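One structure below.
The values are calculated or read from the model by the stated rules, or taken from the named source; none is laboratory data. This one's a predicted model, so the numbers in the text were calculated from it and none came from an experiment. Please note: Cβ atoms are built from the backbone with ideal geometry, for glycine as well, and neighbour counts cover all protein chains shown. The accessibility values were calculated without ligands, DNA or RNA, using every heavy atom of the protein model including side chains. Shrake-Rupley method; radii C 1.70, N 1.55, O 1.52, S 1.80 Å.
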Amino acid sequence: MVGMGALWSQVGSTLASFMFIYAIVKEYFPYQFRGYLEIYSNKLVGYVYPYIQITFHEHTGERFKRSEVYANIRTYLSASPSSSRAKRLKAHDIKDNKSLVLSMDDNEAITEEFHGVKLWWTSCKYVSKAASFSFYPASDERRYYTLTFHKRHRDLITSSYLNHVIKEGKAISIRNRQVKLYTNNSSDNWYGYKRTKWSHIVFEHPASFNTIAMDPKKKEEIINDLDMFKQGKNYYAKIGKAWKRGYLLYGPPGTGKSSMIAAMANYLEYDIYDLELTSVKNNTDLRKLLIDTPNKSIIVIEDIDCSLDLTGQRKKKKKEKDEEDEEKDPIRKKAEEEEATKSKVTLSGLLNVIDGIWSACGGERVFVFTTNYVEKLDPALIRRGRMDKHIVLSYCRFEAFKVLAGNYLDIESHHLFSKIKCLLEETDMTPADVAENLMPKSLNEDAEICLKKLIEALEVAKEEARKKAEEDARLKAEEEEAKLKENMKEEKEEKDVKCNGTLAEDVKQN
Ligand SMILES: Nc1ncnc2c1ncn2[C@@H]1O[C@H](COP(=O)(O)OP(=O)(O)OP(=O)(O)O)[C@@H](O)[C@H]1O
Ligand SMILES: [Mg+2]
């Protein structure tokens, strides 16, 4: 042991002296030959040091995108038995509060063996010097793994071992997969190392297709559609279409649009990217956000009619505004211009992101838009190809009610069902309201009490709807009567003017 230590310290001091001499020689070497010096010195080191080192960075590329390879290595190493021998471990995610994912901590090393070949993994962290002055030091950290092995095993490691690591890492992450809910950060916070465009939390919404109350046939149609999409990689490639699908969910508030998105995400096990359009500065940023979403994601824009002026009137309004602007004083005009720079995402920008050439970057992506007012949307936005499937979520009818009764009260039939069926056909009540009435409010409330509560609420709603219809009819009749009177008055005035005209003519002639 002592001999080994002495040997290492000798190697260390030799290397240090070599580096020192090398730095001085390099300094006085003509600039043009420094490249050659580096190549030959690396070769020389190669003769003395027989190991090869490969580095895997956490972030790659110009946009500092998270590296999938790094993530797979991390997952693989966390599950590797050799990790348990590391002294310092880091806890990562907790899946269903059951299992803890552990990985080796920064600057920790482990030894692995593959087909009898020894190799070393080191987890490293580089903190840039500027970080010591930063308020957010963590943002300037760069993590990477290094793999070291003897050069005679180069082929085995670079082909078989690394493929094995990545494949295993992928398989483990699929087994431990947790659906995540992402939201876009404001464009001003994107820059700086490791700042991301999207932030996320673990998605724990319990909605599923079993809990969604709707016509079972329609529900099955949606599930089949999702299945076809998920397994459609080759089919989409064959027909020459980007592997993506758009769903438009529309209907009154409280009919289950958001719940349907949650059910879709849980069914497909895709992450949700909830896009808040109002905090996207312009079309370029919108495109960057889209590129930053990986495969197997659901990109959601809720209440699309409220997010932006997407009703096709944008250009016309802008023209009118420009004319108005010419008359305004310069200070006010400038303030308004600054305000206008806040979000400049346009309808055409959004259209191109969903079904333009950019939409084909990456695959297996689902777009979901929701709205309460489908008629307000521009037809170009909801045409097939952009929104391929339109799903209407509407008031609760008997089939949907049965699902809610099963979920909330654990019953499949009851003598009050027939009465409820009639009332639901005659009254428009949202599934949200039906569900609220079905929910027991104390331990003493059983199914019968809850169903009676629902009947009462439906009768009240029916009575209110009848009164409202009567009131509407009365107002309409009054309006028509007023219109009729107005028309008669106008006709009379016209007649009077004509009569007066002829009278004046007669007087003139006489
Ligand atoms: N079809 C449904 N099936 C099961 N539960 C529903 C359904 N519709 C509504 N609910 C219940 O009502 C509540 C509101 O539903 P949700 O948020 O999905 O409605 P929404 O259509 O998105 O409404 P909004 O248009 O106001 O966003 C949820 O808590 C959900 O449990
Ligand atoms: Mg909603």
Which of the trypsin sites (Lys or Arg not before Pro) found in segment 159-252 are in a DSSP loop and have at most 15 neighbouring Cβ atoms, other than their own, within 10 Å?
Arg177, Lys194, Arg195, Lys241
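If you place +1 on the Cβ of every Lys and Arg and -1 on the Cβ of every Asp and Glu, how big does the dipole about the Cα centre of segment 399-510 come out, in debye to the nearest 20? Present the calculation step by step, with values, prior to reporting the outcome.
Values: 19 positive and 30 negative charges, 25 e Å.
Roughly 120 debye, rounded to the nearest 20.
Ordering Thr371, Thr122 by how much accessible area each has at a 1.4 Å probe, largest first, what is the list?
Thr122, Thr371
Which of the chymotrypsin sites (Phe, Trp or Tyr not before Pro) found in segment 164-237 are in a DSSP loop and have at most 10 neighbouring Cβ atoms, other than their own, within 10 Å? Intermediate values should be presented prior to the final figure.
Values: sites: Tyr182, Trp190, Tyr191, Tyr193, Trp198, Phe203, Phe209, Phe229, Tyr235, Tyr236; in loops: Trp190, Tyr191, Tyr193, Phe203, Phe209.
Hits after loop and neighbour filter: Tyr191.
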Taking the Cα centre of segment 433-481 as origin, sum charge times position over the Cβ atoms of Lys and Arg (+1) and Asp and Glu (-1), and report the length of that vector in debye to the nearest 20.
260 debye
At 1.4 Å probe size, with no ligands or nucleic acids counted, give the accessible surface of Arg154 in Å², nearest ten.
130 Å²
Ordering Ile54, Ile304 by the accessible surface of their heavy atoms, 1.4 Å probe, largest first, yields Ile54, Ile304
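How much accessible area per residue does segment 389-505 have, counting only protein heavy atoms and a probe of 1.4 Å, in square angstrom?
Numbers: 8160 Å² over 117 residues.
Computed with neighbouring chains in place, this is 70 Å² per residue.
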Share of accessible surface on carbon and sulfur in segment 435-510, whole %, 1.4 Å probe and ligands ignored, is 55 percent
Checking the table Lys257/Lys419; Lys241/Lys296; Lys402/Lys441 against a 24 Å threshold on Cα-Cα, which pairs fail?
Lys257/Lys419
Strictly over 29 Å apart at the Cα level, which of Lys219/Lys281; Lys238/Lys376; Lys125/Lys197; Lys180/Lys421; Lys421/Lys468; Lys43/Lys170 would you flag in this model?
Lys219/Lys281; Lys238/Lys376; Lys180/Lys421; Lys43/Lys170
Convert each backbone phi in segment 427-434 into a coupling constant with the Karplus relation 6.51 cos²θ - 1.76 cosθ + 1.60 (shift: θ = phi - 60°), then list the ³J(HN,Hα) values in order as whole Hz, x for Gly and Pro.
10, 8, 10, 6, x, 4, 6, 4
